[in-house]
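Worksheet: the structure to be examined is printed underneath.
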Amino acid sequence: MAANDDLKALVRTIPDFPKPGIQFRDITTLLLDPRGLAETVRRLAALHQGEIDLVAGIEARGFIFGAAVARELGCGLLLVRKDGKLPGTTIGEDYALEYGTGRIILHDDAVVPGQRVLLIDDLIATGGTARAAVRLVRKAGGQVSAAAFVIDLPDLGGGDALRSDGVEVNALIAFGGH
């Protein structure tokens with residue numbers, strides 16, 4: 001059995017969602033499995049022992065894995081939120097969507113300059129949101145040198161785009177196609 005095939009088997013594929021031709025990789029089935037969830041968190045954390053000060057979780061599923069990995073590593077959790085979701089003074093970063101733009105934010109005082117930050121999300125596809133999160137954390141003074149994902153869709157190029165931004169990319173599972 002290849003590494004992480006046990007976790008891959010827990011991810012459900014839903015064809016033609018949200019539109020025809022898309023193979024949606026549904027992590028809710030992995031989250032429902034206590035051993036699978038625990039192993040996912042353990043394996044994500046094991047990739048980054050001793051290298052980081054903060055884990056940055058991208059809204060929303062990145063919060064699930066980010067919080068658990070932060071606890072496992074004994075560091076804090078930085079919430080990367082959608083625009084309008086945080087009180088107080090924030091900084092933001094825009095990014096391109098298929099039709100339009102999105103914006104993510106964090107509190108302007110959430111990162112101590114120089115802190116080493118690990119970016120976490122459930123899935124990397126085109127990389128637009130993850131790349132914006134890297135820019136945002138760097139704008140706040142953090143050092144993002146690594147990102148970890150449960151799932152990579154390498155055919156969509158997001159991992160390569162992050163690597164071109166100087167970020168080490170790790171994923172536990174890869175699915176070909178879209």
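The values are calculated or read from the model by the stated rules, or taken from the named source; none is laboratory data. All values reported here derive from a predicted model rather than from experimental measurement. Don't worry about glycine lacking a Cβ; one is built from the backbone with ideal geometry, like all the others, and counts go over all protein chains shown.
List of remarks:
- Residue count, the stretch 43-78 (criterion: over 19 Å from Gly142 (Cβ atoms) and acidic (Asp, Glu)): 1
- Total residues in the stretch 1-29, condition over 15 Å from Leu172 (Cα atoms) and hydrophobic (A, V, I, L, M, F, W, C): 4
- Cβ-Cβ under 9 Å pairs, at least 6 apart or on other chains, the stretch 160-177 side within 16 Å of Leu10 (Cα to Cα), far side β-branched (Val, Ile, Thr) and surrounded by fewer than 17 Cβ atoms within 10 Å (Cβ to Cβ): Phe175/Thr13
- Failed condition for Arg25, given (1) without any contact (Cβ under 8 Å) to a residue 40 or more places away in the chain; (2) crowded, with 18+ Cβ neighbours inside 10 Å: (1)
- Arg81 passes every criterion in (1) of a type in the set (Lys, Arg); (2) farther than 18 Å from Arg138 by Cβ; (3) surrounded by 14 or more Cβ atoms within 10 Å (Cβ to Cβ) apart from (2).
- Looking across the stretch 116-131, just one residue is more than 16 Å from Leu156 (Cβ to Cβ) and surrounded by fewer than 24 Cβ atoms within 10 Å (Cβ to Cβ), and that is Arg116.
- Segments classed as strands (runs of 3 or more DSSP E), wholly inside the stretch 48-123, with at least 2 members that are of a type in the set (D, E, K, R) and touching a Lys or Arg at 6+ places or on another chain (Cβ under 9 Å): 90-97
- Number of positions in the stretch 17-30 that are within 17 Å of Leu153 (Cβ to Cβ) and either modelled with pLDDT of 95 or more or among the hydrophobic types (A, V, I, L, M, F, W, C) (or both): 7
- Of all residues in the stretch 162-172, those satisfying the criterion of being surrounded by 18 or more Cβ atoms within 10 Å (Cβ to Cβ) and outside any strand (DSSP E or B) are Leu162, Val167.
- Of the candidates Gly50, Gly57, Gly66, the single residue that is loosely packed, with under 12 Cβ neighbours inside 10 Å, closer than 28 Å to Leu106 by Cβ and either out of contact with any Cys (no Cβ under 9 Å at 6 or more places or on another chain) or among the basic types (Lys, Arg) (or both) is Gly50.
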